[in-house]
Amino acid sequence: MKRILVIDDEKDFCFFLKQNLESSGDFAVEVCSNALEGFTQVRKLHPDMVLLDVRMPGMGGGDIATAIKENQETKDIPFAFITALKEQFNLKNKELSVSGELFITKPVKIKELVRIIDTYTT
Amino acid sequence: MVKAHILVVEDESVVAMDIKYRLENLGYDVSATLSSGESAIEKIPEFNPDLVLMDVVLKGQMDGIEAAERIKQLFDVPVIYLTAYGDDKTLERAKITEPYGYILKPFESRELYTTIEMALYKSKMQKDLKASEEKYRRLINTLPNIVFKGYADWSVDFFDDKIEKISGYAKDDFNSRRLKWSDIIVTDDLEPAKEIFAESLKTNKLYIREYRIKTKDAVIVWLQESSQIVCNKHGEIEFIIGAFLNITERKKAEEALKEAQQTIIYSEKMAAVGRLSSGIAHEVKNPLGIILGGVEFLRNKLPASDEDALSAMDKIEKSVMRADDVIQGLLKFSRPSEVRIEAINIHELINDAVSLLKYKAQLNNIKIVTSFTQEPVSLEADKMQIEQMLFNLLVNACEAVSAGGVINITSHLQRFPDPVTGDLFCTITVMDNGEGISKENLSKILEPFFTTKRDKKGTGLGLYISKMIVDNHKGFLDIKSEQGKGTEVAVSLPLN
């Protein structure tokens, strides 16, 4: 059972994401709608993967990503941005940003999301 | 009054003395008295007389009539015959040399005086007329215009050879009626040209029309024809007098300007669509994400037997993906092209922008003056973006000034923020003495879609995009303006 942490202020999106992932039986999903609290959860839960919204009030997904990478305890946790507009990051690759971050654009089908999670969690 | 110089050609020395004496009494200066036609022709360049009194019968091979003929051909000096021979044959021969007078011996001093005075006056008039003709001929030759006289059937006469340079056809091709003017006008342009002519005939009979001609070498040349129709008292066309001007260069410049403007308006619109669609995309894709999540959630809740509800879920999902495709397409379509940084010559780009607008400015009597720094300016930038920005600033300046306005474009290097230790920037200033911008408008001028030129199809994006371009290059844009005095836009770009 893979443990996934979703940090996104779009609560309805998180609700369905949690329900849909968990219904497959392979995932346990925790949801957090605040960036700062989200990072505390990353350290506390040490999930198998973190899904991050880019634009949130206050600290954004980019800030959390930096914090995850810079923290010794969390630096090995894979994460992906889940966003409406990957253009904000000037992406060339469909999924990967220039610096290698993983991007998933909304709307995303659950099957597709599962495939991506499986690829990046071993 | 200056004495007229007269050369006397008379082989009887006594008679010659008498004539000399009489002339001097009448107030003339006698250059010399010569006894033969040959010596007269030889001495004329030396004495440069105003008039020659010529006896018909002379010593030597040549008689007076022959000598007069030669003098007329060579020197353009008026000749009066002074002779005892009044017979028809001599007169007939003398006539064809177009003498200025014919005095029969013996004669009265009074008769001599009036004939000489008339001859001098007539000769002066003819010289003036010739000079005046020459002056106009030269004027016509120096004008870029080709003067012509045309007729209702499109036949045309030219007065100089300039037509050959433009059309490839010789003057005589037209003057001999081998060609009519309509033969070389581009077919598509003939009807509109005829309409302008017909319209002018109904009104003031003056017209200006522009059309293309096809030269002998099949090159297309644009001409502007300015003409006046001259009618007789019955209102029938007698002739048309006018001039052609080659406006090919102007037409090309106009085309280039139009094209550049269209390209810029297009890229401005695209930028606007881009801004709009990325805003919309964000707002729409989030709810689409929720709907899709909801559909998948409900599908899991539904019993497999409820086929209708499951098929409804499929339809909702398909619609969500379709909406997403539309937005993806919009984003792809409007995404600005990649920024390409290369070494640019900013002064060359300014000159290019100026030359694009040169003809438009000339047409409105606007003067564009450039003055660039002599220091080396090494800039790296996106050439197309900088071109677009410069063009926008220049178009704005041109639209701000009225006829007779002046636009000054300068460049200089300066350091920012500290004038000594700061980074080196090249500042390009576009200054106009136009209407200026009100304080109220000045605060909004960089906002997208703000324009005072809706009527001139302004998009309200020119300055906004220029500012974005300058920002992209880590430079800054500064606008100062005073109403009634003019506007100064300064763009500073960092050097490498």
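Below is a table of values for the structure above.
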quantity	calculated
Enumerated helices (runs of 4 or more DSSP H) restricted to the stretch A:1-85, each holding at least 2 residues that are away from chain B (no Cβ under 14 Å) and open to solvent by less than 20 Å² (accessible area, probe 1.4 Å)	A:35-45, A:61-70
Unique residue being small (Gly, Ala, Ser) and crowded, with 16+ Cβ neighbours inside 10 Å when the list is B:Ser226, B:Ser200, B:Ser176	B:Ser200
Hey, B:Glu268 closer than 27 Å to B:Ser466 by Cα, more than 21 Å from the chain's Cα centre (by Cα), away from every other protein chain (no Cβ under 14 Å) and not hydroxyl-bearing (Ser, Thr, Tyr) or not	yes
Residues satisfying the stated conditions in the stretch B:438-447, i.e. open to solvent by 40 Å² or more (accessible area, probe 1.4 Å) and assigned to a loop (DSSP other than H, G, I, E, B)	B:Ser443, B:Lys444, B:Leu446, B:Glu447
Residue count for the stretch B:301-335, restricted to those that are in contact with an Asp or Glu (Cβ under 9 Å, 6 or more places away or on another chain) and within 10 Å of another protein chain (Cβ to nearest Cβ)	3
All positions within the stretch B:448-461 that are part of a helix (DSSP H, G or I) and either crowded, with 18+ Cβ neighbours inside 10 Å or out of contact with any Asp or Glu (no Cβ under 9 Å at 6 or more places or on another chain) (or both)	B:Arg454, B:Asp455
For B:Glu191: the one exception among (1) without any contact (Cβ under 8 Å) to a residue 40 or more places away in the chain; (2) open to solvent by less than 90 Å² (accessible area, probe 1.4 Å)	(2)
Some residue of the stretch B:483-493 being at pLDDT below 90 and not in a loop (DSSP other than H, G, I, E, B)	no
Unique match (being among the acidic types (Asp, Glu) and in a helix (DSSP H, G or I)) among B:Glu342, B:Glu348	B:Glu348
Members of the stretch B:104-149 that are in contact (Cβ under 8 Å) with a residue 24 or more places away in the chain and aliphatic (A, V, I, L, M)	B:Leu112, B:Ile116, B:Ala119, B:Leu120, B:Leu143, B:Ile146, B:Val147
Qualifying residue in the stretch B:254-261 (condition: within 14 Å of chain A (Cβ to nearest Cβ) and open to solvent by 40 Å² or more (accessible area, probe 1.4 Å))	no
Flag for B:Ile479 being of a type in the set (A, V, I, L, M, F, W, C), open to solvent by 10 Å² or more (accessible area, probe 1.4 Å) and either assigned to a loop (DSSP other than H, G, I, E, B) or more than 19 Å from B:Gln261 (Cβ to Cβ) (or both)	yes
Test: B:Leu298 is modelled with pLDDT of 90 or more and facing chain A (nearest Cβ under 8 Å)	no
Selection from the stretch B:393-437 of residues that are free of Cβ contacts under 8 Å to residues at least 60 places away in the same chain, assigned to a strand (DSSP E or B) and open to solvent by 60 Å² or more (accessible area, probe 1.4 Å)	B:His412, B:Arg415, B:Met431
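The values are calculated or read from the model by the stated rules, or taken from the named source; none is laboratory data. Given the structure is predicted, the values throughout are model-derived calculations rather than measurements. All Cβ positions, even for glycine, are placed from backbone atoms using ideal geometry, and neighbour counts span all protein chains on display. The protein model used for the area step is the full one, side chains on, heavy atoms only, and it has no ligands, DNA or RNA in it. Shrake-Rupley method; radii C 1.70, N 1.55, O 1.52, S 1.80 Å.
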